[in-house]
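Here the structure comes first, spelled out in structure tokens, and everything after it is commentary.
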Amino acid sequence: MAFASSISHSLQGSALSRDVLYPITKIYPSQLSIPQSSPISKKERKLLSFHIRASVTDGRESSIEKQEPSIEKVPFPKGDSWSVHKFGGTCVGSSQRIRNVAQIIVDDDSERKLVVVSAMSKVTDMMYDLIYKAQSRDDSYIAALDFVLEKHKLTAVDLLEGEDRAIFLSRLYHDINNLKAMLRAIYIAGHATESFTEFVVGHGELWSAQMLASLVRKNGVDCNWMDARDVLIVNPTGSDQVDPDYLESEKRLDNWFSQNPSKTIIATGFIASTPQNIPTTLKRDGSDFSAAIMGALVKARQVTIWTDVDGVYSADPRKVSEAVVLKTLSYQEAWEMSYFGANVLHPRTIIPVMRYDIPILIRNIFNLSAPGTMICRPPVNEFEDGQGMESFVKGFATIDNLALVNVEGTGMAGVPGTASGIFSAVKDVGANVIMISQASSEHSVCFAVPEKEVDAVAKALQSRFRQALDAGRLSQVAVIPNCSILAAVGLKMASTPGVSATLFNALAKANINVRAIAQGCSEYNITVVVKREDCVRALRAVHSRFYLSRTTIAMGIVGPGLIGGTLLDQLRDQAAVLKEKFNIDLRVMGITGSRRMLLSDTGIDLSRWRELEKEIGQVADLGKFVQNVHGNHFIPNTVLVDCTSDSGIASHYYDWLRRGIHVITPNKKANSGPLDQYLRLRALQRQSYTHYFYEATVGAGLPIISTLQGLLETGDKILQIEGIFSGTLSYIFNNFIGTQSFSEVVVGAKEAGYTEPDPRDDLSGMDVARKVIILARESGLKLELFDVPIESLVPEPLRVSASAEEFLQQLPQFDQDMANKRQDAEDAGEVLRYVGVVDVVNQRGAVKLERYKKDHPFAQLSGSDNIIAFTTERYKQQPLIVRGPGAGAQVTAGGIFSDILRLASYLGAPS
């Protein structure tokens, strides 16, 4: 206990130095033991014993053998001849990886090289764990320290030979025995001072630097290793950070180099000393910081940070699979991205190199072919005219698990000191403010803090402003939990017209609600706060918009019948082309019929969706189906494609659109149903960024709806729309010629697959009437379906026939009536056509059997073609005509597919 008390007392003294710290833990030769199981030769064991005896009498030295004092001081050569490399723990995680690092150092043709190396992977965490276990009086710290010893011993045995191995192992055993004594003292005291902790955790760098230096020398390179505690002097601050003392560090570097002149230096990262020579660290991410400081001290040409990724990505590749590696970043851009959580560099790492314009190169040690990302001062001409927006928006980063605090009240406006009082209260509870947003009216101040700190912040504010709250000068201190920050980062971004608009437009199209906005006058970032569950979707949406990466759309297909099945086959055949040439990734996440459904979390294999539906299909559940398709937060956009003619499915459109789900359909029931529901649906569509496309409801694959909308949007006035809207009835009357009876033509159309299973569904004219209603409402008329008179082609006595077969058997009884109408038309040089008419001038519609001269465009049809004539103010003398196939699964599915691609172009895919 006296020993532990002595250590504890010494550590608490302000004059503690390394000269005191090291002798406290001095181990005598009799205390050292060399395990007989160690995989070293007898000769090496003798060398090891010699060096152990030497090392324990040397006390504290940077290398095992003392250096003779230099007769003449060697000047330190600063400047572009130096290149600085930093290798992180992953890079030196094993003996093979250390060999790879050594080879990179040897292959670097720079005149002078300074290499900063971290501890082996996970070792620093192990060292912190040793402290934690010892002060918790957990005996397992002994076994944990033995594991650390074994890890480094085996690595050294694999890498080094002869005297190099013996020298290193002697130092390793010396250090481990010192650590055992120190940890024993901590175990007894139940407490570890900061100085002890900083000393213990820095040993990993000492060991990896010595092994690497020995290996580099083994490759024939003049090389010395540097204990950075001999050179780097830092002043601890009160915020778990340190400030480098560059003047003192520069002096010590000059002195170190005069005693250890070398063209290759392997330096320890992470560790340093205080001005009182007490060992300390540069805190987390300290090795990167060490490299930047060293780069500044030697005025290096470049600092290369070696890591396990190809460079800095435009977004987190775990969240955005299409994220790209950025070629360059400015210092400020890298600073901003790292602040917002991107895996770049700690902001403080950039400060030392900025003052000398030293570029930092981020490279992947596991992919030497990747050029990496250069962080440097941007050239003057980087932002010339003609560059795309991605030149201004470099990347996106997110911070999760935040809460917004909103302090508002009319009494805040114009009152000095309110903001000061707010943030003083936040400071008192030690909370970190991530962002601040304040309206110019001064009515409210909004700021984000980590969610774990928000309760303390809210209580502090309510306590500080209790009087103002009671008096009504402040209305509330509101907390909005479950938030995330999305930051867009780019130099000169804010001063470039259209960037902010594009950002918020992309969020709106993905149905993301922005809760708060902050934009600094530095023009380096725009920060928005969104719901936590929307964060990944928001990230993917904005990244897709700026980088034109794959516009990924989660799709759900309702009704895999004739049209739906054909659409799925078309999607299957075109998927690869869309990905490769147009950056559009259409993923069908669900297919549902009336009885069975097929769901997937990643996308259904469309080459065998029919088999999968039989093998792993589930009982159809529309709610579960929609949740599966829309619930994937990694895909920003969702569309449901209704290929049915079911009014029950159409009744869900409003709710889907309200939830931010796009809807595409050939189903006429929604747009021709009750007028109030239609108007409600269209109003919702117009006031949101959710799209509702229904081109195939009128002309299958023909551009009828888009043509009408184009005329109206450009200011034309619709006078009349007239057309043959039914492919079935077009086919019937195109073939109702010569001596064929009407019933024979109908039977032939059914056998050819042109009619519904019950031909009365076509002959009734109801399908045409629905199309008339859709076009009438699109033209601004407020008509109900019952407002349209329909001339049915089903003889009245047959409308109640029990079945389609019975209807077709009895239809020949009424052939004469249709034959007479045909004959009358032929006698007048005319033909019969079944048409729908929208009379916009008189605000009415009609569906009827009409006669046209043989030179009329409607008389020129063949097969099942549709034809629509738009008579407008612009096209009054000669109507605008759209003609083409208007029926069939292929063309209808093609029309739906066209709407899907139109949606993709609106959502950011190149058009």
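Assorted remarks:
- Where the Cα pairs of segment 501-659 fall when distances are cut into 5 Å bins, in %: 2, 8, 16, 19, 17, 14, 11, 6, 3, 2, 1, 0
- For segment 125-178, the convex hull drawn through the C-alpha positions has a volume of 66 cubic angstrom per residue.
- Panel values: segment 662-753, Kirkwood radius from alpha carbon pairs, Stokes-Einstein at 10 °C and 1.306 mPa s, translational diffusion coefficient 99 µm²/s.
- Over all other residues within a Cβ to Cβ distance under 12 Å of MET126, the charged ones net out to -1, with Lys and Arg as +1 and Asp and Glu as -1.
- Value of relative contact order over the chain, rounded to a whole percent, pairs C-alpha under 8 Å and six or more apart: 8 percent
- Paramagnetic reach from LYS218 (point 7 Å along Cα→Cβ, amide N under 20 Å) across segment 140-160: 149-160
- Global form of segment 583-659, assessed from the alpha-carbon gyration tensor, a/c cut-off 1.5: oblate
- Rounded to the nearest 10 degrees, the inclination of helix 141-159 to the longest alpha-carbon principal axis of the chain is 90 degrees.
- Computed P(r) (all Cα pairs; segment 715-853; 10 Å bins; percent): 12, 39, 33, 14, 2, 0
- Area of ARG99 that stays accessible when all protein chains are in place (1.4 Å probe, Å², to 10): 80 Å²
- In the complete set of protein chains, residue-level accessible area for SER475 is approximately 70 Å², probe 1.4 angstrom.
- Shape category assigned to segment 106-249 from the gyration tensor of Cα positions, a/c cut at 1.5: oblate
- Only protein atoms count toward the accessible area here, which uses a 1.4 Å probe; on the chain, the carbon and sulfur part of that area reaches 49 percent.
- Each Lys or Arg adds one and each Asp or Glu takes one away; over the other residues whose Cβ falls under 10 Å from the Cβ of VAL216, this sums to +2.
- A straight line joining the Cα centroids of segment 740-795 and segment 619-668 runs 28 Å.
- Among [x] 87, 72, 52; [y] 126, 73, 55; [z] 153, 99, 95, the entry that matches Cα extents along the principal axes in Å as calculated here: [y]
- Just so you know, the averaged projected area of the alpha carbon convex hull for segment 717-794 sits at 6.0 nm².
- Kirkwood hydrodynamic radius (C-alpha pairs) into Stokes-Einstein, segment 805-885, 37 °C and 0.692 mPa s, D in µm²/s: 219 µm²/s
- Simple label model, 7 Å out from Cα along Cβ direction - VAL619 to ASP158, nm: 5.6 nm
- The phi-based Karplus calculation (6.51 cos²θ - 1.76 cosθ + 1.60; θ = phi - 60°) puts the 3J(HN,Hα) values of segment 477-484 at 10, 9, 10, 10, x, 6, 10, 9 Hz, whole numbers, x for Gly and Pro.
- Whether segment 463-569 is rounded, prolate or oblate, judged on the alpha carbon gyration tensor where a/c under 1.5 counts as rounded: oblate
- By the helix-only formula, in which each DSSP H run with n ≥ 4 contributes -39500 (n - 2.57) and the sum is divided by residues, the chain has a 222 nm mean residue ellipticity of -12500 deg cm²/dmol.
- Extended-chain gain in nm, criterion 0.36 nm per residue less alpha-carbon gap, ILE188 and ALA471: 96.2 nm
- The Cβ shell under 10 Å around SER726 holds other residues with a net charge of -1, Lys and Arg each +1, Asp and Glu each -1.
- In plain terms, the chain from ASP400 to SER136 could stretch by 91.8 nm, reckoned as 0.36 nm per residue minus the Cα-Cα distance.
- Normalised per residue, the accessible area of the chain is 43 Å², obtained with a 1.4 Å probe and no contribution from ligands, DNA or RNA.
- Accessible-area ranking of HIS662, HIS652, HIS191, largest first, probe 1.4 Å: HIS191, HIS652, HIS662
- Value of Rg/Rh across segment 253-375 [Cα atoms, Kirkwood radius]: 1.01
- Using the Cβ-Cβ distance between GLU756 and GLU796 with R0 set to 22 Å, the FRET efficiency from 1/(1 + (r/R0)^6) comes to roughly 0.65.
The values are calculated or read from the model by the stated rules, or taken from the named source; none is laboratory data. If you're wondering where the values come from, they're calculated on a predicted model, not measured in any experiment. A quick note on method: Cβ atoms are made from the backbone with ideal geometry, for glycine too, and the neighbour counts reach across all protein chains shown. What goes into the accessible areas is simple: the full protein's heavy atoms, side chains included, and nothing from ligands, DNA or RNA. Shrake-Rupley method; radii C 1.70, N 1.55, O 1.52, S 1.80 Å.
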